[in-house]
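Peer 1: The following block contains the structure, expressed as structure tokens.
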2 protein chains.
Amino acid sequence: MSASPVPKRLKEARQAAKLTQERLGILAGIDEESASARMNQYERGKHEPDFLTLSRIAAVLEVPATYFYTEDNDVAELLILLHRLLPADRRKLAQYLKGESSSPAFQLEP
Amino acid sequence: MSASPVPKRLKEARQAAKLTQERLGILAGIDEESASARMNQYERGKHEPDFLTLSRIAAVLEVPATYFYTEDNDVAELLILLHRLLPADRRKLAQYLKGESSSPAFQLEP
DNA sequence: TTGATTTACTAAGGATTGCTTAGTATTTGC
DNA sequence: GCAAATACTAAGCAATCCTTAGTAAATCAA
């Protein structure tokens, strides 16, 4: 219950993708003239992007938008992994955790 | 990559907790005078709360703040379940999904 | 069903925050 | 050290949110 995790997550994911602030902004559809300033303001926590802007950034970085709002590091990592699972596997995992699975342990398809 | 899922998730979680818009706002620390209007604006998607406000609402509803930003329904459910796991179990699950676990299947402690 | 009460909702303006512009500072590679 | 690339910032205009003051709709007891 504190400040937004957006700046930290943005920096993590941008660096992992080896993109500059400006290039990431341009790829996310921000005007070339303001991409550098805006992305820097987001990453330094000076201003917060709206959900649509962050969704476009997420698409470029191949992470789910919700990742940027996640404070717990384990959950943040997990969200990226889940984002790369098939929908059927995501559902299977959810069922298992809800205790509604008949199998004694969770197992993904090979 | 569209409009924010905040209104929808807010309504889901508030109704599950059986709270009125105004009461939820007050419990989250919003001034009594404006709690009703603000919570309604959030739930109808007229305005978007900042992360800190949403974190306080999340605490009242016992869900993680990131839940409100999650578009995928399976992932949204999963985030609530994970939020109620012990940190050790969250980590164990993350390790399993990363393929770094030696055991053939994931298993929580009894 | 009617009236009272609770709950949901809304317009409008003042307050706050974000975006654009026009740069300066810092880092990188030669 | 110099040039180019990258990171960063202040300030004003633009957009969004919060407060106020209510109206509309739903609930429920009589």
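Peer 1: Computed over the Cα atoms of chain A, what is the convex hull's projected area averaged over all directions, in nm²?
Peer 2: Quarter of the Cα hull surface area: 8.5 nm².
Peer 1: What do you get for the angle between helix A:87-97 and the principal long axis of chain A? Use alpha-carbon atoms, 0 to 90 degrees, nearest ten.
Peer 2: Helix A:87-97 sits at roughly 60 degrees to that axis.
Peer 1: Hey, what angle do you get for helix B:6-16 against the long axis of chain B, alpha-carbon based, 0 to 90 degrees rounded to 10?
Peer 2: Once rounded, the angle reads 90 degrees.
Peer 1: Straight-line reach from B:LYS98: which lysines have Cα under 17 Å away, leaving out those fewer than 8 places along the same chain?
Peer 2: Output for B:LYS98: A:LYS92.
Peer 1: So what's Rg/Rh here for the protein assembly as shown, counting alpha carbon atoms and using the Kirkwood radius for Rh?
Peer 2: 0.99
Peer 1: What ranking do A:THR66, B:THR70, A:THR53, A:THR20 get, fewest neighbouring Cβ atoms within 10 angstrom at the top?
Peer 2: A:THR20, A:THR53, B:THR70, A:THR66
Peer 1: Between B:ARG23 and B:ASP50, what FRET efficiency follows from the Cβ-Cβ distance if R0 is 25 Å, with the result rounded to 0.05?
Peer 2: 0.75
Each value in this text was obtained by applying a stated rule to the coordinates, not by laboratory testing. As the structure is a prediction and not an experimental result, all values here were calculated from the model. As a convention, Cβ positions derive from the backbone with ideal geometry for all residues, glycine included, and neighbour counts pool all protein chains shown.
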